[in-house]
Amino acid sequence: MTLRIYNTLTKQIEDFRPIDDKCVTMYSCGPTVYDFVHIGNLRTFMMADFLRRTLLFLGYEVKHIKNITDVGHLTQDDIDAGEDKMLKAAKREHKTPQDIARFYEEAFKKDEEKLHILPAYKFTRATEYIDEMIKLIEKLIAKGYAYETNGSVYYDINKFDKYGQLSGNALENLKIGARLEANPDKKNPYDLALWLKSGEEHLMKWQSPWSVGYPGWHIECSAMSIANLGETLDFHTGGEDNIFPHHENEIAQSEGATGKKFVNYWVHARFLLVDGEKMSKSKGNFYTLKDIEEKGFDPLVYRYLCLTAHFQSQMNFTWQSLKDSQNALKKLYAFAGSVDSKEEGSGIEKYIEKFQAALEDNLNTPLAIATVWEMIKDRSMSDRDRKTTLLKFDEVLGLGLSDIEPSLLKTETGEFELNGGNIKFSITRSSTEDTISEDLLDLVKERETARQAKDFATSDRLRNELKKRGYEIKDTAEGIEITEIE
Ligand code: AMP
Ligand code: ZN
């Protein structure tokens, strides 16, 4: 078997054939660091993490680069429409643009850490690659793709025949759809800005052969991926809104400069929605990870939720869906916590194969999650083997199952009297219900009575009865341990 993945470039699910058998190269467009990222952005970054962990699971090494856009000037092509977000944030917070960028970069990395997103091999800051960008632009000018006017440099899109291959936005459509204001410096209104001469108001600017100015947004990613991963890479990821114009322009720039195919597999995550609309900063309908935490959810609950939706479907965010994920995750934690991790079992092949096949089938994480539950519920397998298998799965799931978060589980202790002695017990369960049910305690007592009377047939029957109700029971030197498993 091999990984099959939907490639936005060919609009087909294709077999993955790496450039190098051992080490896969991957580039993910990172955040513009002028504010906290929202959980829609984080869905996209998690999708790249699922892909990366799947590749690791399949035995590849992965060299993963993620950029930090700390040049805030241009998030749109056109200088007039482009809002200087970094500068705006700097004014809002009375800080320099650089302080703003560093602060939100750190906040972003913390969010990623909380979600168990593996850190990139390198987080490349756009401001540290200005030289590479300038060199790339020089190449484009030398090859006739780009031209300079009044200190700014533009890419003449008419010169690149394959423009539109990723997004289907053929040049004709672009011309008709262009609502861009005429810019006298451009040959065509849709030409894309590579370098812009800076006005007085810009605080972040650099010397270049054309002017003191700053780079366009798209050239950042072309320069940083080529500098770190070479002229052709295996994977490039982003959200669906990156397809056009950002990634289309990256292809034009990179392939124009190198003459080589830029990316073999383009993978895009669909949007996270709220009430059926794209979650976005500009609409104000967004939540950050902090909002989720403030409502009492562990960030990993959100990770679980994202695993339950396929990356090619838009996902509607609701608090109820987060609650459902919390319950499911608690059960996984309860199961993992109920089996002594010092005891090493063996992985259950048939489930590992099924789990792997789900991921290899276009990164079908919902099916992989279904397989997790099928395996956990298979009581014909020993606890130890099921736990070992679960921990193997967690290499991709990244839910921290080998390192249980106690915040999600509540352990209560108590004792009851039996035959003149006190029996201690502890119950570990999800804290959704407030009281321990009397029924449950009665069963535990009955079983203990039978056990003390050496009536093992009855005590086994009662143990099974408890299991049916979703509790595992264990006798230890400290007393009886009862753990909720589902
Ligand atoms: P930005 O900082 O706006 O460039 O966004 C960072 C990443 O998040 C990009 O890859 C976007 O495509 C992605 N993104 C933005 N909004 C959403 C959303 N609502 N759902 C999923 N991904 C998103
Ligand atoms: Zn990018």
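Filter segment 367-404 down to residues that are among the polar types (S, T, N, Q) and free of Cβ contacts under 8 Å to residues at least 40 places away in the same chain and give me whichever is nearest to residue 49 (Cα to Cα). Break it down into steps so the answer makes sense when it comes.
Just the residues of segment 367-404 that are among the polar types (S, T, N, Q), to begin with: 371, 380, 382, 388-389, 402.
This time we only want the ones that are free of Cβ contacts under 8 Å to residues at least 40 places away in the same chain, so: 371, 380, 382.
On the way: 371: 20, 380: 33, 382: 31 Å.
It comes out as 371.
Hey, can you tell me all the residues within segment 21-38 that are part of a loop (DSSP other than H, G, I, E, B) and either without any contact (Cβ under 8 Å) to a residue 24 or more places away in the chain or within 16 Å of ligand 2 (Cβ to nearest atom) (or both)?
Taking segment 21-38 and keeping what is part of a loop (DSSP other than H, G, I, E, B), we get 21-22, 29-31, 33-38.
Correct list: 21, 29, 30, 31, 33, 34, 37.
Residues of segment 1-20 being at pLDDT 95 or above, assigned to a loop (DSSP other than H, G, I, E, B) and either surrounded by fewer than 22 Cβ atoms within 10 Å (Cβ to Cβ) or not hydrophobic (A, V, I, L, M, F, W, C) (or both), which ones?
8, 9, 10, 11, 16, 17, 18, 19, 20
Among the residues of segment 189-198, is any more than 21 Å from residue 149 (Cβ to Cβ) and acidic (Asp, Glu)?
Checked against the condition, which is being more than 21 Å from residue 149 (Cβ to Cβ) and acidic (Asp, Glu), segment 189-198 yields no hits at all.
Could you go through segment 209-220 and let me know if any residue there is away from ligand 1 (no atom under 16 Å from the Cβ), charged (D, E, K, R) and farther than 25 Å from residue 54 by Cβ. Write out each step before concluding.
Taking segment 209-220 as the starting set, the residues that turn out to be away from ligand 1 (no atom under 16 Å from the Cβ) are 209-214.
Checking which are charged (D, E, K, R) leaves us with none.
Within segment 209-220 (the criterion being away from ligand 1 (no atom under 16 Å from the Cβ), charged (D, E, K, R) and farther than 25 Å from residue 54 by Cβ), the answer is no, since none of the residues qualifies.
Residue check, residue 301 against (1) of a type in the set (A, V, I, L, M, F, W, C); (2) farther than 30 Å from residue 136 by Cα; (3) within 14 Å of ligand 1 (Cβ to nearest atom), all met but one. Which one?
(3)
Could you go through segment 56-72 and let me know if any residue there is within 15 Å of ligand 1 (Cβ to nearest atom), aliphatic (A, V, I, L, M), closer than 14 Å to residue 123 by Cα and in a strand (DSSP E or B).
Yes: segment 56-72 contains one or more residues that are within 15 Å of ligand 1 (Cβ to nearest atom), aliphatic (A, V, I, L, M), closer than 14 Å to residue 123 by Cα and in a strand (DSSP E or B).
Within segment 289-298, is even one residue surrounded by 18 or more Cβ atoms within 10 Å (Cβ to Cβ), acidic (Asp, Glu) and either assigned to a loop (DSSP other than H, G, I, E, B) or away from ligand 2 (no atom under 16 Å from the Cβ) (or both)?
Checked against the condition, which is being surrounded by 18 or more Cβ atoms within 10 Å (Cβ to Cβ), acidic (Asp, Glu) and either assigned to a loop (DSSP other than H, G, I, E, B) or away from ligand 2 (no atom under 16 Å from the Cβ) (or both), segment 289-298 yields at least one hit.
Just checking, does segment 223-232 include any residue being more than 16 Å from ligand 1 (Cβ to nearest atom) and in contact with a Leu (Cβ under 8 Å, 6 or more places away or on another chain)?
Yes, segment 223-232 has at least one match.
Residues in segment 147-162: is at least one in a helix (DSSP H, G or I) and either of a type in the set (Phe, Trp, Tyr) or touching a residue at least 60 places away in the same chain (Cβ under 8 Å) (or both)?
The answer is yes, given that some residue of segment 147-162 is in a helix (DSSP H, G or I) and either of a type in the set (Phe, Trp, Tyr) or touching a residue at least 60 places away in the same chain (Cβ under 8 Å) (or both).
Which members of segment 2-34 meet the condition of being of a type in the set (Phe, Trp, Tyr) and in contact with a helix residue (DSSP H, G or I) (Cβ under 8 Å, 6 or more places away or on another chain)?
Result: 27, 34.
Tell me, which residue of segment 447-486 that is among the hydrophobic types (A, V, I, L, M, F, W, C) and closer than 11 Å to residue 425 by Cα is surrounded by the fewest Cβ atoms within 10 Å (Cβ to Cβ)? Write out each step before concluding.
Here is the first cut: in segment 447-486, the ones among the hydrophobic types (A, V, I, L, M, F, W, C) are 450, 453, 456-457, 462, 466, 473, 477, 480, 482, 485.
In the following step, the residues that additionally are closer than 11 Å to residue 425 by Cα were identified as 473, 477, 480, 482.
Details: 473: 20, 477: 4, 480: 20, 482: 23.
Selected residue: 477.
For segment 192-233, which residues satisfy the criterion of being among the hydrophobic types (A, V, I, L, M, F, W, C) and within 14 Å of ligand 2 (Cβ to nearest atom)?
In the first step, residues of segment 192-233 are kept if they are among the hydrophobic types (A, V, I, L, M, F, W, C); the result is 192-196, 203-204, 206, 210, 212, 217, 219, 221, 223-224, 226-227, 229, 233.
If the condition is that a residue be among the hydrophobic types (A, V, I, L, M, F, W, C) and within 14 Å of ligand 2 (Cβ to nearest atom), then 192, 217, 219, 221, 223, 224, 226, 227, 229, 233 are the ones that fit.
Looking at 16, 57, which one is within 29 Å of residue 289 (Cα to Cα) and either within 16 Å of ligand 2 (Cβ to nearest atom) or assigned by TED's automatic domain parsing to the domain that holds residue 127 (or both)?
Working: 16 fails: within 29 Å of residue 289 (Cα to Cα).
Just one listed residue meets the conditions, 57.
Given (1) touching a residue at least 12 places away in the same chain (Cβ under 8 Å); (2) more than 16 Å from ligand 2 (Cβ to nearest atom), where does residue 259 come up short, assuming only one miss?
Evaluating residue 259 over (1) touching a residue at least 12 places away in the same chain (Cβ under 8 Å); (2) more than 16 Å from ligand 2 (Cβ to nearest atom) leaves (1) as the failure.
Being touching a residue at least 60 places away in the same chain (Cβ under 8 Å), farther than 27 Å from residue 22 by Cα and within 13 Å of ligand 2 (Cβ to nearest atom) narrows it down to one residue among 268, 236, 246; which is it?
On inspection, the qualifying residue turns out to be 246.
Identify the residue in segment 233-268 that is touching a Cys at 6+ places or on another chain (Cβ under 9 Å) and within 10 Å of ligand 1 (Cβ to nearest atom) and, among all such residues, is farthest from residue 145 (Cα to Cα).
239
Of the residues that sit in segment 106-146 and are crowded, with 18+ Cβ neighbours inside 10 Å and in a strand (DSSP E or B), which one is farthest from the chain's Cα centre (by Cα)?
The extreme case among them is 146.
Quick one: is residue 54 surrounded by 19 or more Cβ atoms within 10 Å (Cβ to Cβ) and at pLDDT 95 or above?
Taking the combined requirement at face value, the residue satisfies it.
Looking at segment 21-51, which of the residues that are within 21 Å of the chain's Cα centre (by Cα) and over 23 Å from residue 111 (Cα atoms) is surrounded by the fewest Cβ atoms within 10 Å (Cβ to Cβ)? Let's see the steps before the verdict.
Start the filter on segment 21-51 by keeping residues that are within 21 Å of the chain's Cα centre (by Cα), which leaves 23-51.
In the following step, the residues that additionally are over 23 Å from residue 111 (Cα atoms) were identified as 23-25.
Numbers: 23: 13, 24: 24, 25: 24.
Per the criteria, the residue is 23.
In segment 256-281, what count of residues is obtained for those that are of a type in the set (Gly, Ala, Ser) and either under 21 Å from the mean Cα position of the chain (by Cα) or not assigned by TED's automatic domain parsing to the domain that holds residue 38 (or both)?
Residues flagged as of a type in the set (Gly, Ala, Ser) and either under 21 Å from the mean Cα position of the chain (by Cα) or not assigned by TED's automatic domain parsing to the domain that holds residue 38 (or both) within segment 256-281 amount to 3.
The values are calculated or read from the model by the stated rules, or taken from the named source; none is laboratory data. The structure displayed is predicted, hence computed values, not measured ones. Note: ideal-geometry Cβ built from the backbone for every residue, glycine included; neighbour counts use all protein chains shown.
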